[in-house]
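A quick write-up on the structure given underneath.
The values are calculated or read from the model by the stated rules, or taken from the named source; none is laboratory data. Predicted model only: the values in this text are computed from it and were never measured. Using ideal geometry, Cβ is built from the backbone for each residue, glycine included, and neighbour counts are taken over all protein chains shown. For the accessible areas, the whole protein counts, side chains as well, though only heavy atoms, and no ligand, DNA or RNA atoms are used. Shrake-Rupley method; radii C 1.70, N 1.55, O 1.52, S 1.80 Å.
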Amino acid sequence: MTFGEQPAYLRVAGDLRKKIVDGQLPPHTRLPSQARIRQEYGVSDTVALEARKVLMAEGLVEGRSGSGTYVRERPVPRRISRSGYRPTGGATPFRQEQAEGEGRGTWESSSEQAEASVAVAERLGIEPGDRVMCTKYLFREGGEVMMISTSWEPLAVTGRTPVMLPEEGPLGGMGVVERMRAIDVIVDNVTEEVGARPGLAEELLVLGGVPGHVVLVVSRTFYASDRPVETADVVIPADRYRVAYRLPVK
């Protein structure tokens, strides 16, 4: 293969992708069969199959049991805002957004004590097996699941305090900064890393995706000086949402 030349399966996938984007293959249209692709493009069954796999991995088509492969409806990506620590008023950004305008969002959560995994312990600067409060969130917009989140807080910081449960008590739902301040822990910086990966089976089951769909993962950690006091992973379906940041200029 010469420099710059694409493999055959990518050339076939690229042409089919163009037809989907241009509307020649509109949503809910059956993708040409493997035999049809083989004949039309003069390629082998293996190339035709790999081209279809590429389109499925990109989320452009989906398989329907016993029926074939069809072009997916392409949702218009919506925005999920990230705005530093919190909007004015103490509530988390999601809650603030839903309180303004015509927000239709709802959320639910559950908390339980757990042992920190190796990865979580590293992010929190504690030892694996140390006790943490693990809280899982499910966010919906208009009834549709828009993102899921899991947070971990070291019980060495919040244990036996009024803010031990993030969503209960007098400051339940007010966000990490406000809750930590109530126990004299001053959060003064936060980091967020955004990455993309294939969604895990259990994530896609909740988010409404199919195997191979990509998710965005926002890995966030709050610090009081150099001490991590909370870390979380926010998982968002990449085909339906974009993450938008509004950051102060100093």
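Considering each residue of the range 31-63, count those that are among the aliphatic types (A, V, I, L, M) and either over 35 Å from the mean Cα position of the chain (by Cα) or closer than 16 Å to Ala8 by Cα (or both), and give that number.
We begin by selecting, within the range 31-63, every residue among the aliphatic types (A, V, I, L, M); these are 31, 35, 37, 43, 47-49, 51, 54-57, 60-61.
Right, trim to either over 35 Å from the mean Cα position of the chain (by Cα) or closer than 16 Å to Ala8 by Cα (or both) and you get 35, 37, 43, 47-49, 51, 54-55.
Residues meeting the conditions: 9.
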Counted residues in the range 139-164 being at pLDDT 95 or above and either under 16 Å from Trp107 (Cα atoms) or of a type in the set (Asp, Glu) (or both) come to 5
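Among the listed residues Pro162, Pro170, Pro198, identify the single one that is touching a His at 6+ places or on another chain (Cβ under 8 Å) and open to solvent by 70 Å² or more (accessible area, probe 1.4 Å).
Working: Pro162 fails: touching a His at 6+ places or on another chain (Cβ under 8 Å); Pro170 fails: touching a His at 6+ places or on another chain (Cβ under 8 Å).
Just a single option satisfies the conditions, and that option is Pro198.
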What is the one condition in (1) crowded, with 16+ Cβ neighbours inside 10 Å; (2) touching a helix residue (DSSP H, G or I) at 6+ places or on another chain (Cβ under 8 Å) that Glu203 does not satisfy? (2)
Do we have any residue at all in the range 157-180 that's more than 14 Å from Glu230 (Cα to Cα), touching a residue at least 40 places away in the same chain (Cβ under 8 Å) and in a helix (DSSP H, G or I)? no
When residues of the range 221-247 are filtered for being more than 23 Å from Glu58 (Cβ to Cβ) and either touching a Leu at 6+ places or on another chain (Cβ under 6 Å) or assigned to a loop (DSSP other than H, G, I, E, B) (or both), how many remain? 6
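If only one of Pro87, Pro93 is within 30 Å of Leu171 (Cβ to Cβ), touching a Ser or Thr at 6+ places or on another chain (Cβ under 6 Å) and at pLDDT below 80, which one is it? Give the derivation first.
On the way: Pro87 fails: touching a Ser or Thr at 6+ places or on another chain (Cβ under 6 Å).
Result of the check over Pro87, Pro93: Pro93.
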